[in-house]
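Novice: This structure is in structure tokens; I'll ask about it shortly.
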Amino acid sequence: MKRWIAAPGAYENAYRNHTLRRLQLTAIEMGVTATMGSALALVVRLLMPTPEYVWLRVALLPLTALFAFLIVRAPTVRTYGLACMATIGTVAFNSYLGALGTDQPLMYFVPAAVLVVLATSFFWITMAQWIGGSLVCYAFFLPFVFNHTAGRTDTLFALLFATMAVVTGFVSHSRIQDNTRRAFDQERRLAELSVTDTLTGARSRAEFLQQAENAANVARSTGAPLTLLYLDIDHFKRLNDGHGHAAGDAVLRGMSDVLQQALRGSDLFGRLGGEEFCVLLPDQDETQAHALANRLRHLLASVPRPDGRLTVSAGVAALREGEAITQTLNRADLAMLQAKQAGRDTVRIAA
């Protein structure tokens, strides 16, 4: 398998989906807070004179809870963003209705206009979602701002606090996104290191065997061929003893680079230990794997080696019916040893 280098679009999608799953773990608290906050605002308004739209506000409570539930269940980032905006819309609309009929509706709505924008900064995955959520909230703020009955001082006061909320929310969202992306990058690197040989970029032994077992299960279910190619560098100990381990490491890296360029994206390439490598070839039989092995031998001859031309011995074994993948690997290993005994720099197919 070639060293994984994600395209920008693939990386961004992986990051957003990863962030979505993490946020959904805490989205329940967001939904409970939104619903309870709207209910508390309704109770407070009932204690004030001339409450309006009480039953409509009561009906908005389960709707808020429903949208919050959709946040937790959203399968995509887009659906998540729409559910978050819908939740904010119901909260802001509830606050808007509660402000109607008060002596100073603008001042009554200002706390919601400030708190909603600040409190939701953590939950937006993209900048577009943050902008959309803020616009949804302030759509209910504008009627009060342009209300001719509102005093000039109150209007300026409300606009000042709304601006402060927007700026603070933007900074908070940006910082949170930056920290989240850094954490994602670190987790991705650690995950990659856990399954990758750090010297060559090939899959680690444990990861290779696990992936090979998965591929074998697929091959058994579909009936497609599956072949293992076992490679071993000839006279590698002599290289290390005569020129040092640094020279040996350079040859291993050079061999890995050649293999990664020559193999298909569907092939799995692993380092089993020392100078021993194995390639998993889905949908290829022994004849095709044998031809590939000979082509790889010629390609690997171009890798610089201080004591002569780089050669490898290779063994080929195809997965048999009822055979465990470890048995196939063992037969490929034995075939590689036969290639060594035959004079090295050759390929043998397992019996």
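Novice: Does Q186 fit the bill of being out of contact with any strand residue (DSSP E or B) (no Cβ under 8 Å at 6 or more places or on another chain) and not assigned by TED's automatic domain parsing to the domain that holds P282?
Specialist: Values: out of contact with any strand residue (DSSP E or B) (no Cβ under 8 Å at 6 or more places or on another chain): yes; not assigned by TED's automatic domain parsing to the domain that holds P282: yes.
So Q186 passes the test.
Novice: Quick check on this structure: which one of E286, E276 is closer than 15 Å to L199 by Cβ, more than 28 Å from the chain's Cα centre (by Cα), surrounded by 13 or more Cβ atoms within 10 Å (Cβ to Cβ) and not polar (S, T, N, Q)?
Specialist: Among E286, E276, only E276 is closer than 15 Å to L199 by Cβ, more than 28 Å from the chain's Cα centre (by Cα), surrounded by 13 or more Cβ atoms within 10 Å (Cβ to Cβ) and not polar (S, T, N, Q).
Novice: Within region 120-131, can one find any residue that is surrounded by fewer than 19 Cβ atoms within 10 Å (Cβ to Cβ), over 20 Å from M36 (Cβ atoms) and of a type in the set (V, I, T)?
Specialist: Let us first name the residues in region 120-131 that are surrounded by fewer than 19 Cβ atoms within 10 Å (Cβ to Cβ), namely 122, 126-128, 131.
If we keep only those that are over 20 Å from M36 (Cβ atoms) too, we end up with 126-128, 131.
If we keep only those that are of a type in the set (V, I, T) as well, we get 126, 131.
Yes, region 120-131 contains at least one residue that is surrounded by fewer than 19 Cβ atoms within 10 Å (Cβ to Cβ), over 20 Å from M36 (Cβ atoms) and of a type in the set (V, I, T).
Novice: Inspect all residues belonging to region 92-104 and state whether any of them is crowded, with 19+ Cβ neighbours inside 10 Å, within 20 Å of I125 (Cβ to Cβ) and hydroxyl-bearing (S, T, Y).
Specialist: Checked against the condition, which is being crowded, with 19+ Cβ neighbours inside 10 Å, within 20 Å of I125 (Cβ to Cβ) and hydroxyl-bearing (S, T, Y), region 92-104 yields no hits at all.
Novice: Next question, about the same structure. Return the pair list, or none, for Cβ contacts closer than 8 Å from residues in region 135-157 that are part of a helix (DSSP H, G or I) to residues that are among the polar types (S, T, N, Q), at least 6 apart or on different chains.
Specialist: Here the result reads V145/T155; D154/Q104, each pair linking region 135-157 to a residue that is among the polar types (S, T, N, Q).
Novice: Also: Does L160 satisfy the criteria of being modelled with pLDDT of 90 or more and closer than 30 Å to L337 by Cα?
Specialist: no
Novice: Say we look at region 48-73 and pick out the residues that are closer than 19 Å to V110 by Cβ and surrounded by fewer than 16 Cβ atoms within 10 Å (Cβ to Cβ); which of these is farthest from the chain's Cα centre (by Cα)?
Specialist: Taking the candidates together, the pick is M48.
Novice: Here is a further query. Determine which member of the set R344, R305, R309 is without any contact (Cβ under 8 Å) to a residue 12 or more places away in the chain and in a loop (DSSP other than H, G, I, E, B). Can you show your working first?
Specialist: Numbers: R344 fails: without any contact (Cβ under 8 Å) to a residue 12 or more places away in the chain; R305 fails: without any contact (Cβ under 8 Å) to a residue 12 or more places away in the chain.
Of the residues listed, the single one that is without any contact (Cβ under 8 Å) to a residue 12 or more places away in the chain and in a loop (DSSP other than H, G, I, E, B) is R309.
Novice: Output the number of the condition that R271 fails; it satisfies all remaining conditions of (1) of a type in the set (K, R); (2) in contact with a helix residue (DSSP H, G or I) (Cβ under 6 Å, 6 or more places away or on another chain); (3) modelled with pLDDT under 95; (4) outside any loop (DSSP other than H, G, I, E, B).
Specialist: Condition (2) is where R271 drops out.
Novice: Moving on to the next point. Go through region 186-226 and report how many residues are in contact with a His (Cβ under 9 Å, 6 or more places away or on another chain) and surrounded by 16 or more Cβ atoms within 10 Å (Cβ to Cβ).
Specialist: Within region 186-226, the subset in contact with a His (Cβ under 9 Å, 6 or more places away or on another chain) is 187-188.
Those left that are additionally surrounded by 16 or more Cβ atoms within 10 Å (Cβ to Cβ): 188.
Qualifying residue count for the region: 1.
Novice: Return the total of residues in region 313-324 being touching a strand residue (DSSP E or B) at 6+ places or on another chain (Cβ under 8 Å) and either farther than 15 Å from E275 by Cα or at pLDDT below 95 (or both). Full working, then the answer.
Specialist: So the first thing to find is which residues in region 313-324 are touching a strand residue (DSSP E or B) at 6+ places or on another chain (Cβ under 8 Å), and the list is 313-319.
Still in the list and also either farther than 15 Å from E275 by Cα or at pLDDT below 95 (or both): 316-319.
Summing the residues that are touching a strand residue (DSSP E or B) at 6+ places or on another chain (Cβ under 8 Å) and either farther than 15 Å from E275 by Cα or at pLDDT below 95 (or both) in region 313-324 gives 4.
Novice: For region 26-38, state whether one or more residues are among the polar types (S, T, N, Q), closer than 29 Å to Q186 by Cα and touching a Phe, Trp or Tyr at 6+ places or on another chain (Cβ under 9 Å).
Specialist: For region 26-38, residues among the polar types (S, T, N, Q), closer than 29 Å to Q186 by Cα and touching a Phe, Trp or Tyr at 6+ places or on another chain (Cβ under 9 Å): present.
Residue by residue, here is whether (1) aliphatic (A, V, I, L, M); (2) under 17 Å from T227 (Cα atoms); (3) not assigned by TED's automatic domain parsing to the domain that holds A224 holds:
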{"site": "R271", "(1), (2), (3)": "no, yes, no"}
{"site": "Q288", "(1), (2), (3)": "no, yes, no"}
{"site": "A293", "(1), (2), (3)": "yes, yes, no"}
{"site": "G308", "(1), (2), (3)": "no, no, no"}
{"site": "L329", "(1), (2), (3)": "yes, yes, no"}
{"site": "M336", "(1), (2), (3)": "yes, yes, no"}
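Novice: Can you name every residue in region 165-196 that is at pLDDT 80 or above and of a type in the set (S, T, N, Q)?
Specialist: T168, S172, S174, Q177, N179, T180, Q186, T196
Novice: Could you tell me which residue of region 223-268 is nearest to the chain's Cα centre (by Cα), considering only residues that are in a loop (DSSP other than H, G, I, E, B), closer than 17 Å to G308 by Cα and in contact (Cβ under 8 Å) with a residue 60 or more places away in the chain? Before the answer, list the steps.
Specialist: Keep residues of region 223-268 that are in a loop (DSSP other than H, G, I, E, B), which gives 223-225, 234-235, 244, 263-267.
Filter once more, so that each one left must be closer than 17 Å to G308 by Cα: 234-235, 244.
Adding the requirement that they be in contact (Cβ under 8 Å) with a residue 60 or more places away in the chain leaves 234-235.
Values: D234: 40, H235: 42 Å.
Filtering region 223-268 for residues that are in a loop (DSSP other than H, G, I, E, B), closer than 17 Å to G308 by Cα and in contact (Cβ under 8 Å) with a residue 60 or more places away in the chain, the one nearest to the chain's Cα centre (by Cα) comes out as D234.
The values are calculated or read from the model by the stated rules, or taken from the named source; none is laboratory data. These numbers were taken from a predicted model, which means no experiment stands behind them. Ideal geometry is used to build each Cβ from the backbone, glycine not excepted, and the neighbour counts take in all protein chains shown.
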